[in-house]
Amino acid sequence: MITAETNKEYDFSTPRKQSASGIIIMFANSFQHIVRALALPLILIIVKSKDSGNLALILIVFLSLLTIVLALYAYFSYQKFTFFLDEKKQEFIINSGIFSKTSLTIQLNKIQQVNINQNLLQQVVGVYSLEIDTAGSEKKEASIKAIDHATATILKQKLLSRDLAENETTNIQADDQLIKSAPPLLKLSINTLLKIGITTNYGASLLLLTGFIFGAFQLFKDYTDALDIEREQFTKMFSQGITIFSLCFLVAFSLIIILATNIIRTFIKYFNFKIIKQKGALAVSSGLFTHKNVLLTPNKVQLSAYSQNYFQKKFDLLNIKIKQASFDSADKEDNKKSDIEIPGCDEHERDEVLKMILSNVPAKGAELAPNYRFIFLQTMIWIVFPISVFALLSIYALPLLKNYLLMVIPYIIVVGTMLYFEFKRHRLYVDEQFIIKRSGIWDVEHEIIEPHKIQAITAKQYFWHKAADVGHLIIHTAAGVIHFKYGNYTHIKSLVNYWTYKIEVSKKDWM
């Protein structure tokens, strides 16, 4: 039974503070930023210093004063941070700032997503963070770093439901308990996580490994310069030690590192991943060190996509990606971070998720294939042009390159095969309910959009393509674009007219 005290506890109409544990969270966040900024200079000062006794005393005093300052800053930041919900104006207000006070007002109808997360420190302290994301925002609009789970859950429901009254607190609490006890629609096992780790994200892991190697070399250079260490002996050792065997060993070691990195990243990100059906929505939670909880509502989904590569097909695995309205930033990584990923599901689970989001399982309609000019242009760019440049350089500028002319043959085979599969898989499928774009070389991706979610349509044709009746189609959505290249331009124009009509007469809203 819900009493007046309970209703008051979850009344957000008056300004309220975070949990008192928020002081610890704010202090830790400030401390880690300072440590990251000062770590390298302090290490260099310690190494270069000749009077270690006085330096140790100075460092102890400095760190003590820094700790006191950061603790005071965290305390006053906690005191000045308040939030409340104005249900009459349908606004959520956050006040913060010590010297420069800030008041952030968020319209409830613009809230795109509310996430409940918990990092490692928050798990120790026993609090959660609540992050609010609005449509058209380049980054998270607001974040409350330290509140208890019950408060976070009820505030999240109120922010998303907009018109909830105080007397509905009972239902919200009951729904939260129901979510926790409900059987999951999808739950990833350790075995599935292992399969995901060895079949995905090769490119990301390779880039991560490359960045680590370059970073290690740069750090080595900086420290040898700072410590006046001669690098000639190291350089000589490396130049003399490189053999065919060592190169093979290095390649094999790199592959092992990439696979290990994939597996570790997968376990950290998707540990205890599960999806639970809620009233008209999906609750998605995952994370080892940082627990993330996302409520996915179908009406806010702009683009749905699923992908699969050769190895995943053997394991009967699919990756689903759900895209909501996002800021069209130049930094695409910011947009990718806001995507909701559902890895490791089979075809039946994929259909259940898509049915929940789209009401129906999308079926491939009429197929549009690209003109042969698609692969012709790619062949000119990736095969003919590079080989021509290589040949000219080997003849006129760098004769030593003639020794490597045989490498052109495997290059043509590999790149030609990739271009063939790119052309073969570049397709657009259209029916009355859905538009499906298929693409990819290794990971074959299917992007799905409902016509009423379209924000704008562009049909483009270059003048040299008029005689061949070839053109391009660009479908703009609030979560990105779908680009179909080198299709039949007459057909494309008829589709644009049809979708424009469908958008005009549709009674469905895009969000």
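The values are calculated or read from the model by the stated rules, or taken from the named source; none is laboratory data. It should be emphasised that the depicted structure is a prediction, and the values quoted were computed from it without experimental measurement. Cβ sites come from the backbone with ideal geometry, for glycine too, and all protein chains shown count toward neighbours.
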Exercise. Of Ile381, Ile342, which residue is in contact with a helix residue (DSSP H, G or I) (Cβ under 7 Å, 6 or more places away or on another chain) and among the hydrophobic types (A, V, I, L, M, F, W, C)?
Worked result: Ile342
Exercise. Just checking, which of Ile23, Ile2, Ile93, Ile111 is within 30 Å of Ala281 (Cβ to Cβ) and modelled with pLDDT of 85 or more?
Worked result: Ile93
Problem set entry | Hits in region 262-283 (condition: surrounded by 15 or more Cβ atoms within 10 Å (Cβ to Cβ), among the polar types (S, T, N, Q) and touching a strand residue (DSSP E or B) at 6+ places or on another chain (Cβ under 9 Å)) | Thr266, Gln278
Seminar exercise, completed: Flagged in region 139-171 as closer than 14 Å to Glu87 by Cα, modelled with pLDDT of 85 or more and among the polar types (S, T, N, Q), in numbering order, are none
Seminar exercise, completed: Apart from one, (1) basic (Lys, Arg); (2) over 31 Å from the mean Cα position of the chain (by Cα); (3) surrounded by 21 or more Cβ atoms within 10 Å (Cβ to Cβ) all hold for Lys437; the odd one out is (2)
Exercise. Is region 388-411 home to any residue that is more than 30 Å from Thr490 (Cα to Cα), among the hydroxyl-bearing types (Ser, Thr, Tyr), assigned by TED's automatic domain parsing to the domain that holds Leu317 and at pLDDT below 90?
Worked result: no
Problem set entry | Tally of residues being more than 16 Å from the chain's Cα centre (by Cα) and within 27 Å of Leu354 (Cβ to Cβ) across region 274-294 | 10
Exercise. What are the residues in region 352-385 that are surrounded by fewer than 14 Cβ atoms within 10 Å (Cβ to Cβ) and of a type in the set (Asp, Glu), if any?
Worked result: Glu367
Problem set entry | Breaking point among (1) assigned to a helix (DSSP H, G or I); (2) in the same structural domain as Val301 (by TED's automatic domain parsing), for Val384 | (2)
Problem set entry | Those strands (runs of 3 or more DSSP E) lying entirely in region 393-473 with at least 2 residues touching a helix residue (DSSP H, G or I) at 6+ places or on another chain (Cβ under 8 Å) and within 30 Å of Asp316 (Cα to Cα) | 435-439, 444-449
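Based on what the data block shows, is Asn109 among the polar types (S, T, N, Q), in contact with a His (Cβ under 7 Å, 6 or more places away or on another chain) and under 30 Å from Ala325 (Cα atoms)?
Values: among the polar types (S, T, N, Q): yes; in contact with a His (Cβ under 7 Å, 6 or more places away or on another chain): no; under 30 Å from Ala325 (Cα atoms): yes.
No; evaluated as a whole, the condition is false for this residue.
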Exercise. Scanning for something crowded, with 16+ Cβ neighbours inside 10 Å, under 21 Å from Asn371 (Cβ atoms) and touching an Asp or Glu at 6+ places or on another chain (Cβ under 7 Å), does region 469-478 turn up at least one residue?
Worked result: no
Seminar exercise, completed: The residue that is farthest from Lys466 (Cα to Cα), considering only those in region 343-381 that are of a type in the set (S, T, N, Q) and outside any helix (DSSP H, G or I), is Ser359
